[in-house]
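A.B. asks: Mind having a look at this structure? Questions to follow.
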Amino acid sequence: MNRIYHPRSFPSLLLTGFIFVALPLIIALGSSIQILDGLAEQSEVAVFRSAGRIDTCRKVAELLNSEERAARLFSVLGEAEHLEEVTAVHGDIADLLHQFAILNSDNALPTLIEQMQAKENHLVAMLTETSHTAPERKSRQEKALASYGAIGALAGKMEQVSNSLMVQEVDTLKEQVQHNKNTMTWQTSGLIGFSVLLVVLFMSLINKPVSQLDQGIERLGEGDFATPIVVFGPRDLEAIGEKLDWLRRRLNTLDREKVRMLAHISHELKTPLSSIKEGAGLLKDGLVGPLSDKQVEVVDILDNNCSKLQKLIQNILDFNMAQAKEMPLDSQDIRVDVLVTDVVADHSNAMLARNIQLQTELLPVWVHGNPKQLKTVFDNLLANAVKFTHDNGEIGIIMKKKAQMLRLIVEDNGPGISEEDRAQIFLPFFQGGQKNRSVVKGSGLGLAVSKEYMQNNGGTLRLLPSEQGARFEVAMPCSREETR
């Protein structure tokens, strides 16, 4: 589809699609009009032909009545004017029957017309014959007048045949209407189906570049600056795709520069900070001389804040490296329950000091990942649970395995996470509105770093709904080493 059709602009693609979709419908409309015009013409011809037959039969019957009346008057009165009238009507009947026979040469009427013409000619000949004696002429005239009954019967039969022909033409017209109706139905259905196919085709032509732009923008929003943005379609949309790809390359460059800058800054900050912490340690240990109580208090504050600053710098660096996908993964098989036990041991003093009860349900499950990153994830989740759980509270760590997937849940009975904070809980530097018992305020990077680490290791981290406290779930595939 890349080179089959390349409109110059998106509006031209829409216009072309409209024309192509409307064309089969226009063809269907034109064909239907043509079929209806043909039916109307056939109906008109059939109506005029049937009406002409009936009218001719009626006129023949009227002329025969006139001729019979004149003939009877001539037979009774013997006046020449009545015989002249018979001769004139006879001529009109002959002309009318001749035209009628020409117009109906393709049916049963010509035979009846020929019979009527023969009988009527014979009748008139008998009336006008003068070679016989008066008594003989009288006898022949009476026989001629008696044959009007047979001629009238032929006229009635002609009318019946005309009515039958009219019924046949109506039936034929009905069959033609039904045939044309079926033709129109199939033709219209086929053209509408073709229009639907064209609609699907042009929807694909329209949606594909728009979808490519949408996917490219989503990847940029998710921080994927490595995948090129390519758009096939109208040239104006391809130009937008090229601009987005330029923006991707520019953002990729800026992102790498940001990583290098933060790495440099963190290194530059760590060196003097380490010196300050070492100096504070020397003062705290009394290696440079005894300190007063006030001085010891100041040194403790200095040492604690140095530790806090070191951890904050390391968190910022870890988050930046995790987003940039530049931290070496160094994956290996890990026994998750052992890793969780190590993390619990690191927080046992804090939980003991506040009388927090820990309930664990651990399984001997193996996964494949980076042990340092996974330990950071579990450490952040447990640290948050300890931080936000009230004194004498409870924390639970539950491991489940289903369909070769590990699901580890960390839950507490603290104040939980408000509805307005749930959508932002994994954003970097977001700390929410809940208060905690820790004297050292966090950096707001723990959950953001944990989510990035889980994605790096092929797993997920999500916040589960809960009636009380917070519930976080870590999910990742089990490794083959689980069967050990």
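A.B. asks: Any chance you could get the radius of gyration and Dmax over the Cα atoms of the chain, in Å?
C.D. replies: 53.8, 182
A.B. asks: Over the chain, what relative contact order in percent results from Cα pairs under 8 Å that are six or more residues apart?
C.D. replies: On the way: 529 pairs, mean separation 57.4, N = 484.
Averaging sequence separation for qualifying contacts and normalising by length gives 12 percent for the chain.
A.B. asks: Below 8 Å between Cα atoms, with a sequence gap of 6+, how large is the relative contact order for the range 1-116 in percent?
C.D. replies: Working: 35 pairs, mean separation 19.7, N = 116.
Reported as a whole number, the value is 17 percent.
A.B. asks: I've got another one for you. Structure shown: which of 284/375; 400/451; 284/387; 284/372 lie over 25 Å apart, alpha-carbon to alpha-carbon?
C.D. replies: Values: 284/375 31 Å; 400/451 20 Å; 284/387 28 Å; 284/372 31 Å.
Over 25 Å Cα-Cα: 284/375; 284/387; 284/372.
A.B. asks: I've got another one for you. Tell me the label-point distance for the pair residue 230, residue 296, using the 7 Å Cα-to-Cβ offset, in nm and rounded to one decimal.
C.D. replies: Going from the residue 230 label point to the residue 296 one covers 7.1 nm.
A.B. asks: Moving on to the next point. Determine the calculated [θ] at 222 nm for the chain from helices alone, applying -39500 (n - 2.57) to every DSSP H run no shorter than 4 residues and normalising by the residue count; nearest 500 deg cm²/dmol. Numbers along the way, then the final one.
C.D. replies: Working: 12 runs with 332 residues, N = 484.
It comes out at -24500 deg cm²/dmol, rounded to the nearest 500.
A.B. asks: Once the piece of chain linking residue 177 and residue 210 is laid out straight, how much longer is it, given 0.36 nm per residue of separation minus the C-alpha distance between them?
C.D. replies: Numbers: separation 33, 0.36 × 33 = 11.88 nm, distance 4.80 nm.
Result for the pair: 7.1 nm of gain on full extension.
A.B. asks: Could you go through the range 284-289 in sequence order and give the Karplus-derived ³J(HN,Hα) for each residue, using 6.51 cos²θ - 1.76 cosθ + 1.60 with θ = phi - 60°, rounded to whole Hz, and x for Gly and Pro?
C.D. replies: Coupling constants for the range 284-289: 5, 7, x, 6, 10, x Hz.
A.B. asks: I've got another one for you. Please name which of 239, 298, 409 has its Cα lying farthest along the dipole of the chain towards the positive end, using unit charges on Cβ (Lys, Arg +1; Asp, Glu -1) and the Cα centre as origin.
C.D. replies: 298
A.B. asks: Could you sort 94-102, 394-402, 293-301, 229-237 so that the peptide with the highest average Cβ count within 10 Å comes first and the rest follow in order?
C.D. replies: Numbers: 94-102: 14.9, 394-402: 16.8, 293-301: 12.2, 229-237: 18.9.
Packing order, densest peptide first, comes out as 229-237, 394-402, 94-102, 293-301.
A.B. asks: I've got another one for you. Dividing the convex hull volume of the alpha carbon atoms of the range 185-225 by its residue count, what do you get in Å³ per residue?
C.D. replies: Details: hull volume 1.9 nm³, N = 41.
Spread over its residues, the Cα hull of the range 185-225 gives 46 Å³ apiece.
A.B. asks: So, one more: D for the range 97-225, whole µm²/s, Stokes-Einstein with Kirkwood Rh over alpha-carbon pairs at 20 °C and 1.002 mPa s: what number?
C.D. replies: On the way: Rh = 22.2 Å.
In µm²/s, the coefficient is 97.
A.B. asks: May I ask you to derive the relative contact order of the range 93-165, considering only C-alpha pairs under 8 Å and at least 6 residues apart, and to give it as an integer percent? Let's see the in-between values first.
C.D. replies: Values: 35 pairs, mean separation 26.4, N = 73.
Contact order relative to length: 36 percent.
A.B. asks: Out of the range 186-274, which GluC sites (Glu not before Pro) are coil in DSSP terms and have no more than 16 other C-beta atoms within 10 Å? Write out the running numbers ahead of the final one.
C.D. replies: Numbers: sites: 218, 222, 238, 242, 257, 268; in loops: 222.
When the GluC sites (Glu not before Pro) of the range 186-274 are filtered for loop state and at most 16 Cβ neighbours within 10 Å, 222 remain.
A.B. asks: Keeping the other protein chains in place, figure out the carbon and sulfur percent of the accessible area of the chain, with a 1.4 Å probe.
C.D. replies: Here it works out to 58 percent.
A.B. asks: List the pair-distance distribution P(r) of the range 13-79, using every Cα-Cα distance, as the percent of pairs falling in each 5 Å bin from 0 up to the bin containing the longest distance, rounded to whole percents.
C.D. replies: Pairs per bin, as whole percents: 3, 14, 9, 10, 7, 8, 7, 6, 6, 5, 5, 4, 4, 3, 3, 2, 2, 1, 0.
A.B. asks: Further, regarding this structure: How much area per residue is accessible in the chain when the probe is 1.4 Å and only protein heavy atoms are counted (Å²)?
C.D. replies: Numbers: 28620 Å² over 484 residues.
Using a 1.4 Å probe on heavy atoms only, each residue of the chain averages 59 Å².
The values are calculated or read from the model by the stated rules, or taken from the named source; none is laboratory data. Bear in mind that the values here come from a model prediction, so they are computed numbers and not experimental data. For neighbour counting, all protein chains shown are included, and Cβ atoms are generated from backbone atoms with ideal geometry for every residue, glycine included. Side chains included, ligands, DNA and RNA excluded: accessible areas come from the protein's heavy atoms. Shrake-Rupley method; radii C 1.70, N 1.55, O 1.52, S 1.80 Å.
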